[in-house]
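None of the figures in this text is laboratory data; all of them are computed from the coordinates on show. Computed from a prediction, not measured in an experiment: that's the story for all the values here. For neighbour counting, all protein chains shown are included, and Cβ atoms are generated from backbone atoms with ideal geometry for every residue, glycine included.
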Amino acid sequence: MSILQVMDSSFDSEVLKAKIVVLVDFWAPWCGPCRMISPVIDEIAKDYQSMIKVVKVNTDENPTTATEYGIRSIPTIMIFKNGVKVDIVIGAVPKSTLVSTLDKYM
């Protein structure tokens, strides 16, 4: 499953109106920890491809969404269920941390 790059203009339709759990990776290309966690996000997208939607939001290109959700540190991973933010993980954390957080909403 490919990971969708979401923009300010498509955040509402791709994340808030999604009927399944959505994992949102707020990142930027210059961010070292973001690059470190990227393969983990890719693995989760593959492992959970039939159950969740995984999207990325480049905070440099989409400042409106980043500001709206109070993104102060990246990477920030948010989990949305039925259009509501239900959890947040900040920093380059191990896959096990993201999976255990995600599993609470499945």
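Just flag the chymotrypsin sites (Phe, Trp or Tyr not before Pro) in segment 1-57 sitting in loop per DSSP whose Cβ has no more than 10 other Cβ atoms within 10 Å. All intermediate terms of the calculation are to be shown ahead of the outcome.
Details: sites: F11, F26, W27, W30, Y48; in loops: W30, Y48.
Answer by residue number: W30.
At 222 nm, what value in deg cm²/dmol follows for the chain if DSSP H runs of at least 4 each add -39500 (n - 2.57) and the sum is divided by all its residues, to the nearest 500?
Mean residue ellipticity at 222 nm (helix-derived): -8500 deg cm²/dmol.
With an 8 Å Cα cut-off and a minimum separation of 6 or more residues, compute the relative contact order for segment 1-102 in percent.
Working: 169 pairs, mean separation 38.9, N = 102.
Reported relative contact order: 38 percent.
If we count other beta carbons within 10 Å of each Cβ, what is the order of V84, V21, V6, fewest first? Could the numbers behind the result be given before it?
On the way: V84 8, V21 18, V6 23.
Least to most surrounded, the residues fall as V84, V21, V6.
Can you tell me the Rg and Dmax of segment 4-103, counting just the alpha carbons, in angstroms?
So, for segment 4-103, Rg and Dmax equal 12.2, 32 Å respectively.
Please list, in order along segment 19-30, the HN-Hα scalar couplings obtained from phi with the Karplus expression 6.51 cos²θ - 1.76 cosθ + 1.60 (θ = phi - 60°), rounded to whole Hz, x for Gly and Pro.
8, 10, 5, 10, 9, 10, 9, 8, 8, 8, x, 7
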